[in-house]
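Single-structure report; data block below.
The values are calculated or read from the model by the stated rules, or taken from the named source; none is laboratory data. Here the structure is a predicted model, which means the values were calculated and not measured. We place every Cβ from the backbone using ideal geometry, glycine too, and count neighbours over all the protein chains shown. Quick note on the areas: whole protein, heavy atoms, side chains included, nothing else; ligands and nucleic acids left out. Shrake-Rupley method; radii C 1.70, N 1.55, O 1.52, S 1.80 Å.
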Amino acid sequence: MKNSGVTLFIFGATGDLAAKKILPALTQWYDEETPFTAIWCLGRRHFDRAAYISFVEAKGDFRLNEALKKRISYHRLDFDDAQAYRGALFNEAVDSDGKRLFFLAVKPDAFVTISANLHAAGLFATNNPDHRLLFEKPFGESLESARAIQARLMTLAREEQIYRIDHYLGKEMIRNILTIRLANRIFSESWHGGAIETVTVTSLETAGVEERLEYYDKAGAINDMVQSHLLQMLSLVGMETPENFEPESIRLKKHHILEHIELDPQTPPVAGQYEGYLKDAPGSTTETYVEVGLRIDTPQWSGTRFVLKTGKKLSEKKTEIRLQYRSNSLCLSCVETVASAPNQLVIEVFPLEGIHLCFNSKIPGYGFETEEVTADYCQSCRTIGSKPEAYVKLLKDALEGDKTLFASFDELLAQWRIAERIRTAVRETPLVIYPPGISRVGPKGGAS
């Protein structure tokens with residue numbers, strides 16, 4: 001009997017991403033009646049179904065609800081073994097008529113192998129729009145490897161069937177950026193270089209690399225964070241107003257702005273590595289902190305400096321976008337000028353989600369002294385206990401065929417080109433060794 005439901009295949013099902021992100025998201029979605037009739041969890045480790053469920057619950061520190069457990073099956077699979085995809089293991093899936101989502105939560109060097117084996121076994125069909133490949137970032141390890149992966153995938157799938165995941169794009173406040181800037185005249189008419197002096201995109205962590213050392217030592221902060229999350233956030237801030245809100249219109253505008261990003265020649269990048277990193281990676285020169293200044297070469301952003309900043313083992317864990325407006329002066333009787341603090345708009349992504357607008361007001365009293373005051377909107381306060389999960393949104397959109405929150409290949413190439421220019425510039429600067437717990441790494445060993 002044919003099954004016309006939706007089957008989700010998770011490759012790399014014993015990894016951190018599956019245990020800490022994907023399956024917890026499915027648990028939340030199942031409370032809303034998820035459409036998946038079967039969830040195939042595939043990994044290299046030996047588990048029966050019960051042992052696998054216990055393993056991921058302990059690893060991810062969550063509990064699968066009973067309804068979801070009934071849909072989950074676990075199967076050991078050697079991803080390189082093409083014959084295994086044709087065996088009895090997949091007979092049930094081959095007999096299914098419904099949609100198939102293949103989530104590859106694996107390293108980039110396994111993308112083509114798994115996709116080719118699925119295609120050869122008849123599990124994934126090139127011309128079937130209901131068969132979709134979801135690739136977790138990073139898509140490649142360099143510009144060259146990304147092109148090579150794409151070229152091979154294009155022999156197996158159509159671009160319409162490929163969904164490149166950057167889970168930051170599924171976060172609530174990241175999805176709110178376009179609404180904030182376009183639905184409010186107070187911002188839309190001042191969203192340009194004439195009004196905004198600096199845009200800083202920040203993502204800091206208190207933890208070190210921990211279990212991700214093997215991957216991170218090859219990637220560094222540039223490939224891990226800047227090439228993906230931070231540049232996507234910047235593109236949403238910097239993109240021109242789209243003609244409409246169709247997926248391709250938004251992605252074209254993001255690509256356009258990414259193609260116009262250049263390094264700021266006035267501000268050399270800063271790269272650092274936290275003290276203690278070499279205990280786990282002797283001799284490594286991998287950066288665990290990077291701060292880089294950029295310019296966007298378009299009329300809209302003439303004169304605005306963009307800063308990307310990310311690092312590990314710092315004083316706080318936070319992700320935000322901070323727009324600092326150009327300073328204004330208050331003229332009193334055109335004789336005395338009172339300086340005022342620059343206005344700031346802060347879009348807070350983590351740990352809380354919300355918006356802070358910093359502006360100037362007169363201090364109560366008979367004088368004309370000013371002070372900076374803040375208007376706060378706490379979005380997290382509205383979603384206590386029911387915060388939408390990024391991966392729920394991304395899986396829903398992939399299921400519906402909405403690619404707004406998935407990077408196009410043109411965007412990806414532009415991001416890799418920027419990342420490689422940053423890496424080239426970083427090689428020309430000294431690597432700063434910084435003590436854990438500081439808030440920012442400065443050039444030439446300065447820290448704060």
Seminar exercise, completed: Excluding ligands, DNA and RNA, the carbon-plus-sulfur percentage of the accessible area of the chain with a 1.4 Å probe reads 50 percent
For this session: Could you work out how far apart the two model spin labels at Ala120 and Asn328 are, taking each label as a point 7 Å from the Cα in the direction of the beta carbon, and quote it in nm?
Result: 6.6 nm
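How many percent of DSSP beta bridges within the chain run antiparallel, rounded to 5? Walk me through the numbers on the way to the answer.
On the way: 45 of 84 bridges.
Around 55 percent of the beta bridges assigned by DSSP in the chain are antiparallel ones.
Take every DSSP beta bridge whose two residues both sit in the stretch 166-318, then give the antiparallel share in percent to the nearest 5. Kindly include the intermediate steps, with their values, before the conclusion.
On the way: 13 of 20 bridges.
Here the share of antiparallel DSSP bridges comes out near 65 percent.
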Problem set entry | Extreme residue, positive dipole direction of the stretch 39-173, given options Leu64, Ala157, Ala116 (C-beta unit charges) | Leu64
Exercise. Which whole-percent values make up P(r) of the stretch 245-400 when all C-alpha to C-alpha distances are grouped in 10 Å steps starting at zero?
Worked result: 8, 20, 29, 27, 12, 3, 0
Problem set entry | Option label - mean projected area of the Cα convex hull in nm² computed here, alternatives [x] 47.6; [y] 24.7; [z] 27.0 | [y]
Exercise. Once the piece of chain linking Glu144 and Asp78 is laid out straight, how much longer is it, given 0.36 nm per residue of separation minus the C-alpha distance between them?
Worked result: 21.1 nm
Exercise. Picking from Leu263, Val307, Gln28, whose Cα lies most toward the positive end of the charge dipole for the chain (charges on Cβ: Lys, Arg +1; Asp, Glu -1)?
Worked result: Gln28
For this session: Describe numerically, in nm with one decimal, the distance between label points set 7 Å from Cα along Cα→Cβ at Glu275 and at Ala207.
Result: 2.3 nm
Exercise. Where nothing but the Cβ of Lys and Arg (+1) and of Asp and Glu (-1) is charged, how large is the charge dipole of the stretch 153-197 around its Cα centre, in debye to the nearest 20?
Worked result: 100 debye
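What is the dipole size for the stretch 1-60, taken about its Cα centre, with +1 at each Lys and Arg Cβ and -1 at each Asp and Glu Cβ, in debye to the nearest 20?
Working: 7 positive and 6 negative charges, 68 e Å.
Here the stretch 1-60 has a charge dipole of around 320 debye.
Can you tell me the dipole magnitude for the stretch 1-160 around its Cα centre, using point charges on the Cβ only (Lys, Arg +1; Asp, Glu -1), in Debye to the nearest 20? Let's see the in-between values first.
Values: 21 positive and 21 negative charges, 30 e Å.
Here the size comes out at about 140 debye.
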For this session: Compute the relative contact order of the stretch 64-178 as a whole-number percentage, counting only Cα pairs closer than 8 Å that sit 6 or more residues apart in sequence.
Result: 24 percent
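With an 8 Å cut-off on Cα pairs and a minimum separation of 6 or more residues, tell me the relative contact order of the stretch 7-52 in percent.
On the way: 35 pairs, mean separation 27.8, N = 46.
Answer for the stretch 7-52 is 60 percent.
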